[in-house]
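Novice: Let me begin by handing over the structure; questions about it come next.
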Amino acid sequence: MMPPIRCFTCGAPLGHLWEEYKRRVMNGEPPEKVLDDLGVTRYCCRRMLLTSITYIEEIALYHTLKAKRLRASGGVP
């Protein structure tokens, strides 16, 4: 899943906030304070940022491993 671009409920744009939110939370700030500072006040929008998980790095890893395994066994990826 990619980071949210818009809130699924109200349609407010959120994509421009994702990197800042992720960076500050990874640096140890509480998520609720970061959301308040970014001006995210609606609970539906807060939910979108709080519950988003980016899987793209993990999914890409499995595809790469599958391709390597197929090449090693003589198959075509």
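Novice: Assess whether Val34 counts as being surrounded by 13 or more Cβ atoms within 10 Å (Cβ to Cβ), in contact with an Asp or Glu (Cβ under 9 Å, 6 or more places away or on another chain) and not charged (D, E, K, R). Before you say what the answer is, go through the steps one by one.
Specialist: Numbers: surrounded by 13 or more Cβ atoms within 10 Å (Cβ to Cβ): yes; in contact with an Asp or Glu (Cβ under 9 Å, 6 or more places away or on another chain): yes; not charged (D, E, K, R): yes.
It is true that Val34 is surrounded by 13 or more Cβ atoms within 10 Å (Cβ to Cβ), in contact with an Asp or Glu (Cβ under 9 Å, 6 or more places away or on another chain) and not charged (D, E, K, R).
Novice: Sticking with this one: Scan the stretch 44-53 residue by residue and report those that are loosely packed, with under 12 Cβ neighbours inside 10 Å and within 16 Å of Arg6 (Cβ to Cβ).
Specialist: Residue satisfying the conditions is Thr51 alone.
Novice: Looking at (1) assigned to a loop (DSSP other than H, G, I, E, B); (2) modelled with pLDDT under 95, which is the one condition that is false for Trp18?
Specialist: (1)
Novice: From the list Val25, Val76, which one is out of contact with any Lys or Arg (no Cβ under 7 Å at 6 or more places or on another chain), part of a loop (DSSP other than H, G, I, E, B), aliphatic (A, V, I, L, M) and at pLDDT below 95?
Specialist: Numbers: Val25 fails: part of a loop (DSSP other than H, G, I, E, B).
Unique residue meeting the criteria: Val76.
Novice: State all residues of the stretch 37-73 that are in a helix (DSSP H, G or I), under 19 Å from the mean Cα position of the chain (by Cα), at pLDDT 75 or above and not hydrophobic (A, V, I, L, M, F, W, C); if no residue qualifies, say none.
Specialist: Tyr43, Arg46, Arg47
The values are calculated or read from the model by the stated rules, or taken from the named source; none is laboratory data. Just so it is clear, the structure is predicted and the values come from calculations on it, not from any experiment. Methodologically, a virtual Cβ is constructed for each residue, glycine included, from the backbone with ideal geometry; neighbour enumeration extends over all protein chains shown.
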